Structure formats: structure tokens, C-alpha cells
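Beneath this line is the structure, given in C-alpha cells, with notes to follow.
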Amino acid sequence: MIMVYCEQRNGELLNVGLELIGKAVELSKDLDGEVTAVVCGNKITQLSDKISQYGATRIIIVEHPLLEKYTVDAYTEALYQVITSENPDILLLGATLTGRELGPRLAARLRTGLTADCTNLEIDPESKLLLMTRPAFGGNLMATIICPERRPQMATIRPGVFPLPKPDTQREVEAYVFTPKLSEEDIKVKVQQIIAKVRKHKDITAEKIIVAGGRGVGSKENFELLEELAELLGGGIAGSRAAVDEGWLPKDLQVGQTGKVVRPKLYIAIGISGAIQHLAGMQESEYIIAINKDPEAPIMKIADLAIVGDWKPIVRRLIQQLKQTMN
Ligand code: FAD
């Protein structure tokens with residue numbers, strides 16, 4: 001059985017858990033066909049309706065008043081109790097901030113192995129082992145890792161790596177409530193208050209159109225033109241690590257291996273060379289336009305439309321044309 005941890009925040013499911021259910025359903029066809037989704041919190045039974053629609057064959061709602069606010073101690077203990085009572089062969093978690101915190105702690109308690117930040121998962125047809133692939137040696141090669149001796153085989157996967165399956169609104173799966181044994185003493189950290197960060201930009205993984213800039217954009221001020229283009233197209237801006245390192249963009253707008261994985265309908269890469277670590281975060285975009293003065297830049301090879309030239313006059317022209325079309 002494959003178990004998928006579905007993270008919720010303030011009673012809302014994060015997409016990554018649902019993406020992982022989709023992948024688990026695909027993988028389970030080569031195993032016993034069983035996919036169990038697990039969600040933790042307090043008074044969250046209503047979440048089972050949405051989870052049902054994504055293909056899990058069982059749903060476990062782990063509820064306890066001490067799981068109301070996320071603490072690593074309570075969540076690790078609660079999940080540990082569920083995992084040891086269910087004994088899954090495979091356990092998948094989203095590589096979110098909390099998934100990255102829970103994964104290694106669970107792996108250590110379960111005395112098993114964990115492959116973090118996987119970019120692909122497959123089942124080996126002969127051994128039926130989970131093949132966990134992730135970039136290694138600074139992204140210079142892809143390593144496929146197995147966990148042959150211990151169970152569960154554990155992996156974390158970043159949001160957006162697998163597509164969100166189409167929900168089947170007719171599908172209903174009965175949820176089973178699991179009440180973990182937890183006490184105040186188990187929890188070393190007391191959460192007093194959660195203050196949400198106010199973001200100027202929308203989460204880039206949710207954007208349908210992304211205008212991304214790299215070192216070739218040249219300055220922070222130049223990014224204002226990219227913002228204007230993105231706004232006219234109804235999308236958002238993002239960038240390469242070079243643009244983030246230069247201080248032109250905040251880190252949460254970085255696309256790539258150490259940034260976010262995005263798969264928008266349209267990705268416009270401006271002044272980005274297309275290093276492998278950048279491609280890892282955007283190559284699944286539906287349509288890619290690259291603007292670069294170097295026709296040999298790697299991004300030009302994967303682009304659906306490669307425009308060779310200095311980006312600034314091209315983008316100015318695009319903005320002008322879009323404004324004319326809209327008037
Ligand atoms: P450059 O490679 O410097 O490319 C600039 C491009 O702009 C060039 O192709 C140039 O021809 C073009 N250009 C210049 N002037 C103009 C102009 N006027 N008009 C048009 N085009 C112009 N990178 C990421 O992006 N995301 C990651 O998550 C990431 N993670 C990494 C993790 C590791 C472990 C490592 C080692 C590296 C990582 N990197 C990541 C860095 C990556 O290797 C590249 O260094 C980086 O992506 C380069 O950014 P860039 O394309 O903006 O800059």
C-alpha cells in the first residue's frame with residue numbers, strides 16, 4: 001500500500017498532497033492498487049470529500065485537539081502512530097517547509113531511508129521497488145535511489161513536480177478517523193500565534209502565465225518592464241537564481257531546482273540562459289517563449305518560440321502591441 005501525507009493549512013488542502021495521490025494511483029497499478037491518504041489536524045473530517053475525488057482508495061483523518069496548530073513534535077508523533085499501525089510499503093510527502101521537517105524525523109524513527117526532493121518516481125517492474133530519482137552533485141547528474149531493505153520506502157516531492165489530476169466529483173471514499181495518543185508533554189514548542197506573511201506577489205506555482213527574467217535583464221529597474229508585460233498578460237513575474245542572487249527579485253519568485261517548480265500555460269524566459277537547474281523548474285510548461293541574444297543558449301533549444309535579440313526593444317514592442325490590442 002502507498003500512503004500519501006496530505007498537508008492542510010487552516011483547513012485547506014495543499015495541492016501537493018493531491019498531486020502525490022495522482023502519482024500514487026499511477027504507481028499502485030504495478031503494486032496492490034491501494035492508495036491511502038492521510039491528513040492531520042483538528043475538526044477536519046470535511047476534507048475527505050475533496051481527497052476522495054483524486055483517487056485514494058482509503059482516507060485516514062488523524063484528529064486531535066493538539067493537532068490544531070502545526071508543531072513538529074505532535075505531527076511527527078501522530079503520523080508515526082498511523083504509519084506503524086498501517087505499515088505502508090511506500091510513504092510520500094510534499095517537500096514543503098513542514099514536509100521537509102516531518103520526513104527526516106519520521107524516517108529516523110522508522111529506521112528507514114528517505115529520498116528528498118525527488119523529480120520522478122517509478123516502480124521497478126521486476127523487484128517492485130520504488131525507484132526515486134533526484135538531481136545529485138549540484139544537478140550535474142540524476143541519481144536513482146532505492147530502499148531495498150527497510151519499509152516504508154520514503155520520498156519527498158516538491159509541489160508542482162507532478163500534475164494535479166482532474167478531480168472526479170462523483171467519487172466518494174469513506175474516511176476513517178484515527179485518534180492518536182498525544183499529551184501536552186510530547187510537545188516541546190508552544191505556538192502562541194501565527195502571523196501570515198503579506199506577499200506582494202501571488203504564489204508563482206498558481207500562475208497560468210509567467211514572465212521570468214534572468215541575469216540578462218540587467219537591473220532591478222529593468223524588471224519593471226517585465227512586471228508591466230506580466231500584468232498586461234494577466235500573469236506574474238519570476239526569475240532565475242542569478243536574478244535572485246543579484247537582489248532583483250525575492251527568493252520566493254525563483255524558478256528551478258532550488259526554487260519553485262512551475263508548469264504554467266505560458267512561460268516567457270527573458271535573458272535566461274537555461275542552465276539545467278533552471279530547466280528543472282519550468283520545462284513542463286505548456287508553451288515556452290525564450291528571448292535571448294545568444295541563439296546557442298540552451299533555453300533556445302527547449303523553447304517553442306525562440307526570439308533572438310536584445311530583450312528590451314522586443315519587450316517594449318510587445319507591451320505596445322498588447323496595449324493597442326486592448327484599446
Ligand atoms: P546567465 O547564465 O548568466 O544567463 C544570462 C543570459 O542572458 C545569457 O543566455 C545571455 O545570452 C542572455 N542575455 C544577456 N544580455 C541579454 C540581452 N540584452 N537580451 C537578451 N538576452 C541577454 N538557477 C536557477 O535559475 N534556479 C535554481 O533553482 C538553481 N538552482 C541551482 C542549484 C545548484 C546546486 C546550482 C549549482 C546552481 C543552481 N542554479 C539555479 C544556477 C544555475 O546553474 C545558473 O547559474 C543560473 O540559472 C543562471 O541564471 P541566468 O540564466 O539568469 O544567467
Stokes-Einstein D for the stretch 1-116 (10 °C, 1.306 mPa s, Kirkwood Rh from Cα pairs), in µm²/s, comes to 113
Of all beta bridges DSSP finds with both residues in the chain, what is the antiparallel percent, to the nearest 5? 20
Starting from 0.36 nm per residue, how many nanometres of slack lie between LEU14 and ASN140 once their C-alpha separation is accounted for? 42.3 nm
Could you list, in their original order, any pairs among LYS166/LYS202; LYS166/LYS220; LYS197/LYS301; LYS251/LYS312 whose Cα atoms are separated by more than 31 Å? LYS166/LYS220; LYS197/LYS301
Hull surface over four for the Cα convex hull of the chain, reported in nm², is 19.1
Say the dipole of the stretch 1-155 comes from +1 at the beta carbon of Lys and Arg and -1 at that of Asp and Glu; which of GLN8, THR98, ALA37 then lies farthest toward its positive end? THR98
Where labels lie 7 Å past Cα in the beta-carbon direction, separation of ILE302 and LYS202 in nm: 2.4
Determine, for each peptide in 118-127, 36-45, 140-149, the mean count of other beta carbons within 10 angstrom over its residues, then list the peptides with the highest first. 36-45, 118-127, 140-149
In what sequence, highest mean first, do 183-194, 298-309, 21-32 appear when ranked by Cβ atoms within 10 angstrom? 21-32, 298-309, 183-194
Taking the DSSP beta bridges in the stretch 1-105 as the whole, what percent of them are antiparallel, to the nearest 5? 15
To the nearest 0.05, the calculated FRET efficiency linking GLN321 and GLN283 through their beta-carbon distance, R0 being 35 Å, is 0.80
Jot down the per residue volume, in cubic angstrom and as a whole number, of the convex hull over the alpha-carbon atoms of the stretch 95-217. 256
Between the modelled labels at LYS128 and GLU246 (7 Å from Cα along Cα→Cβ) the distance in nm is 5.3
Calculated FRET efficiency for the pair ASN42/ARG151, C-beta based, R₀ 22 Å, to 0.05: 0.15
Under a straight-distance cross-link criterion of Cα-Cα below 12 Å, which aspartates and glutamates are reachable from LYS323, leaving out those fewer than 8 residues away in the same chain? GLU228, GLU231
Shape call, the stretch 139-270: gyration tensor on alpha carbons, a/c limit 1.5: prolate
Note, ³J(HN,Hα) from phi for the stretch 150-163, Karplus 6.51, -1.76, 1.60, rounded to Hz, x at Gly and Pro: 10, 10, x, 7, 10, 9, 10, 9, 6, x, x, 5, 10, x
Would you calculate the separation in nanometres between label points at ARG111 and THR258, each defined as 7 Å from the Cα along the Cα-to-beta-carbon direction? 3.6
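Since every read-out is calculated from the coordinates, none of them should be taken as a lab result. Predicted model, so just to flag it, every value in this text is computed and none were measured. Please note: Cβ atoms are built from the backbone with ideal geometry, for glycine as well, and neighbour counts cover all protein chains shown.
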